[in-house]
């Protein structure tokens, strides 16, 4: 049986740091009958010089185009029109193939001529190439409804027959981040029981500060909702709550200058058309009771749980522009069902640690001094305690097994 040509498409924009490793992971594979097509979006970081050098080494096995595009989906669609192979792979310029990945994919598709797409296991790696975790891959026998919880296909592990790709159609360029997710769903719907799985590590998907997965978190959530709603009719609310939790986790140490409540309003406005009316009403009612948003102020946040409780660890974050306030005041209530004593340890980024104790149940106020300065900046305090109670141990009707220490009832700045 003759060796089919495999075409690998690679979109790239200012990824010179990772580009050479990505290219070599394609063109130094054990399978030699490969062409790589790189579509660069007018990089300014030395990527073009690097491609020129690599093309001298790999000759016509490496082709590249440099042109403006509206994003990676458009770049990929253009690259796919240039492919000559019967099998198409897609590797981003910050990812890498595992050794022998292409050979395994070709062998599988030759052995299973009725299958139109195959994917395998993937690992997440960091900027240094160190392993982070394994991608949560599921086999193609998984019911299509499972996509409602997120994509279980690691994108760089996928190889497709070109004829099948032409039937499914190009990537949707109106989707900013989840165009791969949309493509997998179209494949599963068009070719049920014709998708295969290689139970080997096929690729390494890199997570780093400038990758879309981390840089465009809100857009990832919105696009995920949109794709699931488009193909499956409705999307679970975890897509929404995951992003809301991330908003709270990072606020106010983010580039967005809007207060947290305004950021939430903007997010809800965007997702409103994607959520069923009854689910959206339930979401709004739940958010009205969420203490995190009631406490948050402009550039000020306390990491309480949605019901206001703290479980042994609290962070208070403050960011200011120009001259800061003199202090941050945190009102608390240790409303325990039985009397006791709670020991607190407060730490600042400067390394200063202050210890104190409070009798419980009781109300108390924590006061944190802010350094005098005329420059913009931010600061974070951590409050820890080893004392807590478990509600279910004191109330037979309770199913709450959390270890709770105190609630935060107020958060404000002192000028």
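The values are calculated or read from the model by the stated rules, or taken from the named source; none is laboratory data. Treat the numbers as computed from the prediction; the structure is a model and nothing was measured. So basically every Cβ, Gly included, is an ideal-geometry build from the backbone, and we count neighbours across all protein chains shown.
The rows are residues; the columns are (1) surrounded by 11 or more Cβ atoms within 10 Å (Cβ to Cβ); (2) within 26 Å of residue 293 (Cβ to Cβ); (3) not assigned by TED's automatic domain parsing to the domain that holds residue 260.
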{"site": "349", "(1), (2), (3)": "no, yes, yes"}
{"site": "360", "(1), (2), (3)": "yes, no, yes"}
{"site": "363", "(1), (2), (3)": "yes, yes, yes"}
{"site": "383", "(1), (2), (3)": "yes, yes, yes"}
{"site": "387", "(1), (2), (3)": "yes, no, yes"}
{"site": "391", "(1), (2), (3)": "yes, yes, yes"}
{"site": "404", "(1), (2), (3)": "yes, yes, yes"}
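Inside segment 1-34, can you point out the residues that are assigned to a loop (DSSP other than H, G, I, E, B) and either surrounded by fewer than 17 Cβ atoms within 10 Å (Cβ to Cβ) or over 26 Å from the mean Cα position of the chain (by Cα) (or both)? Explain how you work it out, then say what you get.
At the first step, the residues of segment 1-34 found to be assigned to a loop (DSSP other than H, G, I, E, B) are 1-5, 13-15, 28-33.
1, 2, 3, 4, 5, 14, 28, 29, 30, 31, 32, 33 - these are the residues of segment 1-34 that are assigned to a loop (DSSP other than H, G, I, E, B) and either surrounded by fewer than 17 Cβ atoms within 10 Å (Cβ to Cβ) or over 26 Å from the mean Cα position of the chain (by Cα) (or both).
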Of the conditions (1) modelled with pLDDT of 90 or more; (2) outside any helix (DSSP H, G or I); (3) out of contact with any strand residue (DSSP E or B) (no Cβ under 9 Å at 6 or more places or on another chain), residue 223 satisfies every one except a single condition; which number is it?
(2)
Return a yes/no flag: does segment 268-291 have any residue that is in contact with a strand residue (DSSP E or B) (Cβ under 9 Å, 6 or more places away or on another chain) and either loosely packed, with under 13 Cβ neighbours inside 10 Å or under 25 Å from residue 330 (Cβ atoms) (or both).
yes
For segment 185-197, check the following and say yes or no: at least one residue is farther than 30 Å from residue 115 by Cβ and either touching a residue at least 24 places away in the same chain (Cβ under 8 Å) or assigned to a helix (DSSP H, G or I) (or both).
no
Look at residue 135 and say whether it is in contact with a strand residue (DSSP E or B) (Cβ under 6 Å, 6 or more places away or on another chain) and either surrounded by 14 or more Cβ atoms within 10 Å (Cβ to Cβ) or within 21 Å of residue 167 (Cα to Cα) (or both).
yes
Do we find a residue being surrounded by fewer than 14 Cβ atoms within 10 Å (Cβ to Cβ) and closer than 24 Å to residue 297 by Cβ anywhere in segment 326-347?
yes
Residue check, residue 399 in contact with a helix residue (DSSP H, G or I) (Cβ under 8 Å, 6 or more places away or on another chain) and surrounded by fewer than 15 Cβ atoms within 10 Å (Cβ to Cβ)
yes
Working only within segment 369-396, note down all residues that are in a strand (DSSP E or B) and more than 33 Å from the chain's Cα centre (by Cα).
369, 389
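Could you check, for segment 278-286, whether at least one of its residues is within 24 Å of residue 403 (Cα to Cα), in a helix (DSSP H, G or I) and modelled with pLDDT of 95 or more? Lay out the reasoning, then the answer.
Here is the first cut: in segment 278-286, the ones within 24 Å of residue 403 (Cα to Cα) are 286.
Narrowing further to those that are in a helix (DSSP H, G or I): 286.
With the extra rule that they be modelled with pLDDT of 95 or more, the set shrinks to 286.
Checked against the condition, which is being within 24 Å of residue 403 (Cα to Cα), in a helix (DSSP H, G or I) and modelled with pLDDT of 95 or more, segment 278-286 yields at least one hit.
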Just one of (1) surrounded by fewer than 21 Cβ atoms within 10 Å (Cβ to Cβ); (2) under 26 Å from residue 370 (Cβ atoms); (3) under 24 Å from the mean Cα position of the chain (by Cα) trips up residue 312, so point out which.
(3)
Taking segment 234-266 and keeping only residues that are surrounded by fewer than 17 Cβ atoms within 10 Å (Cβ to Cβ) and either assigned by TED's automatic domain parsing to the domain that holds residue 301 or under 14 Å from residue 216 (Cα atoms) (or both), one is left with 242, 246, 250, 254, 255, 256
